[in-house]
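Peer 1: So that we are looking at the same thing, I have put the structure below in structure tokens.
The values are calculated or read from the model by the stated rules, or taken from the named source; none is laboratory data. Predicted, not measured: the structure shown is a model, and the values here were computed from it. We place every Cβ from the backbone using ideal geometry, glycine too, and count neighbours over all the protein chains shown.
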Amino acid sequence: MQKKLTVSQLNKYIKGVFEDELILHNLSIEGEVVEYKKVGNAAYFVLKDEDCVLNCVSFSQVMGVDAGARITVFGRVEFYAKNGKVSFVAKSITLSGEGLWLARQKKLREQLEKEGVFSNNRGLPRFIKKAALITSGEGAVLYDFISVIRRLAPYIEVKIFSVKVQGSGASEQIMQAMHDITCEKYEDFDIIVLARGGGSMMDLSEFNNEDLARSIHASKLTVVSAIGHETDYTLADFAADIRAGTPSIAAEIISNNNNTFLNKIFNTSLDNALKTTQLLNNKYRLLIKQARISDSNTQSIIHSCKKRLLNRQILYNVETNFAKKESVFKQLVAKIEAANPLKLLTDGYSKIVKDGKNITSTKQINAGDNIDIFVSDGKLEAKIEKIT
């Protein structure tokens, strides 16, 4: 009959096996420190050799150890039943020298920097319409990036290229995605964002891949690195054009870039519109003041104003508005000229008034009536002798 255990029963059994195995109680382990941090009265660190890593903790000797140092620790292996994890509890720590792994990473970084692999500075495009996001197809990274874009710049199209972001083969998948993004099928992308949710130095080891760094450097598009670790830099970070501390920050950088461009366009358009309106108003007021000028002179002034406006490269709508103002002006001049009584008098016509009333018909007057006749330069007083 198959035996069935609870998780607690199994973990307690495993813990007992570790405690009974005496060889695990007093051991000296040598390895390279790839991570180290202090939390209260404890020090947590990870040892690494060529193939494996070991989680360690020390409560008795909390000393500062830099990542990359080679150390020897003495202590015991312990299984924690509650969380099902194995750790090496170090009683003492002794420095042995510099670790080979970190030394190789440092040498590789110096070599790539010397070759110019970290010299990318293409900057952000003036306006981003479509972004390629290389990340894991699920998790908080995807949600954080998309939610910020939708909030700040919802018109930006984001296409997701799902890849491994940890473990063997992750760097190859990322490089393949970058190749697909820049091929003819996807030539309309404006920017590439490489993102993941942070992690330990070992979790990020694929982002320290030399081929990946060279691929980012050779990219045709601007690359934003948003690997989610604020303190440690990977080779991918150095090779990218822009480094964002988190995927959310990367989304903010892209959105703010577009918003800055749009605000500049809006402010420029508004400024031009105000200047154009002011210019038209000034010209229109000038034309109104010169309403008594002859039609030929008026046309000359209007033509001159149009020429000056064109020489200043005013937008097309400025000329349209000016034409409307010109039409209104002509109508006003025509009305003024038509209603001007002096024009009629200067042409030889006169105005006849009897007892303060205008005379427009012979029926309004009789022989013997006294009348006033107004001409262009004065008034004549007369008496009607005969009506024909």
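Peer 1: List every residue pair whose Cβ atoms sit under 7 Å apart, with the two residues 6 or more apart in sequence or on different chains, where the first one lies in region 370-388 and is among the hydroxyl-bearing types (Ser, Thr, Tyr) and the second, anywhere, is outside any strand (DSSP E or B) and loosely packed, with under 10 Cβ neighbours inside 10 Å.
Peer 2: Every condition considered, the pairs that remain are 376/342.
Peer 1: Could you list, in sequence order, the residues of region 105-122 that are at pLDDT below 85 and not in a helix (DSSP H, G or I)?
Peer 2: Of everything in region 105-122, those that are at pLDDT below 85 and not in a helix (DSSP H, G or I) turn out to be 119, 120, 121, 122.
Peer 1: Determine which single condition residue 60 fails, assuming it passes every other condition in (1) modelled with pLDDT under 85; (2) more than 29 Å from residue 7 (Cβ to Cβ); (3) within 48 Å of the chain's Cα centre (by Cα); (4) not charged (D, E, K, R).
Peer 2: (3)
Peer 1: Tell me, please, whether a residue that is under 30 Å from residue 126 (Cβ atoms), part of a helix (DSSP H, G or I) and modelled with pLDDT of 65 or more can be found in region 311-318. Don't jump to the end; show me each part of the working.
Peer 2: Going residue by residue through region 311-318, those that are under 30 Å from residue 126 (Cβ atoms) are 311-318.
If we keep only those that are part of a helix (DSSP H, G or I) too, we end up with 311, 316-318.
With modelled with pLDDT of 65 or more added as a condition, the list becomes 317.
Within region 311-318, one or more residues are under 30 Å from residue 126 (Cβ atoms), part of a helix (DSSP H, G or I) and modelled with pLDDT of 65 or more.
Peer 1: Oh, and also: Out of curiosity, is residue 236 assigned by TED's automatic domain parsing to the domain that holds residue 144, among the aliphatic types (A, V, I, L, M) and at pLDDT 90 or above? I'd like the intermediate steps shown before the answer.
Peer 2: Numbers: assigned by TED's automatic domain parsing to the domain that holds residue 144: yes; among the aliphatic types (A, V, I, L, M): yes; at pLDDT 90 or above: no.
When the stated conditions are applied, residue 236 does not pass them.
Peer 1: Right, next: For residue 301, only one of the following conditions fails: (1) surrounded by 11 or more Cβ atoms within 10 Å (Cβ to Cβ); (2) modelled with pLDDT under 65. What is its number?
Peer 2: (2)
Peer 1: Give the residues of region 189-220 that are surrounded by fewer than 17 Cβ atoms within 10 Å (Cβ to Cβ), in a loop (DSSP other than H, G, I, E, B) and modelled with pLDDT of 85 or more, sorted by residue number.
Peer 2: Those that are surrounded by fewer than 17 Cβ atoms within 10 Å (Cβ to Cβ), in a loop (DSSP other than H, G, I, E, B) and modelled with pLDDT of 85 or more: 218, 220.
Peer 1: Could we say that residue 196 is within 21 Å of the chain's Cα centre (by Cα), within 21 Å of residue 138 (Cβ to Cβ) and in the same structural domain as residue 116 (by TED's automatic domain parsing) here?
Peer 2: Values: within 21 Å of the chain's Cα centre (by Cα): yes; within 21 Å of residue 138 (Cβ to Cβ): yes; in the same structural domain as residue 116 (by TED's automatic domain parsing): yes.
Answer is yes for this residue.
Peer 1: Taking region 241-286 only, how many residues are among the acidic types (Asp, Glu) and either in a helix (DSSP H, G or I) or touching a Pro at 6+ places or on another chain (Cβ under 8 Å) (or both)? Spell out the reasoning first.
Peer 2: Initially, region 241-286 is screened for residues among the acidic types (Asp, Glu), giving 241, 252, 271.
When the remaining residues are screened for being either in a helix (DSSP H, G or I) or touching a Pro at 6+ places or on another chain (Cβ under 8 Å) (or both), the result is 252, 271.
Adding up the residues that qualify gives 2.
Peer 1: Would you check which residues across region 129-143 are surrounded by 18 or more Cβ atoms within 10 Å (Cβ to Cβ) and either outside any loop (DSSP other than H, G, I, E, B) or not assigned by TED's automatic domain parsing to the domain that holds residue 154 (or both) and list them? If you could, list the steps in order and put the result at the bottom.
Peer 2: First, pick out the residues of region 129-143 that are surrounded by 18 or more Cβ atoms within 10 Å (Cβ to Cβ): 131-136, 141-142.
Of everything in region 129-143, those that are surrounded by 18 or more Cβ atoms within 10 Å (Cβ to Cβ) and either outside any loop (DSSP other than H, G, I, E, B) or not assigned by TED's automatic domain parsing to the domain that holds residue 154 (or both) turn out to be 131, 132, 133, 134, 135, 141, 142.
Peer 1: Conditions: (1) surrounded by 12 or more Cβ atoms within 10 Å (Cβ to Cβ); (2) of a type in the set (D, E, K, R); (3) closer than 30 Å to residue 264 by Cβ. Residue 164 meets all but one. Number of the miss?
Peer 2: Of everything listed in (1) surrounded by 12 or more Cβ atoms within 10 Å (Cβ to Cβ); (2) of a type in the set (D, E, K, R); (3) closer than 30 Å to residue 264 by Cβ, residue 164 misses just condition (3).
Peer 1: When residues of region 244-256 are filtered for being polar (S, T, N, Q) and surrounded by fewer than 18 Cβ atoms within 10 Å (Cβ to Cβ), how many remain?
Peer 2: Count: 1.
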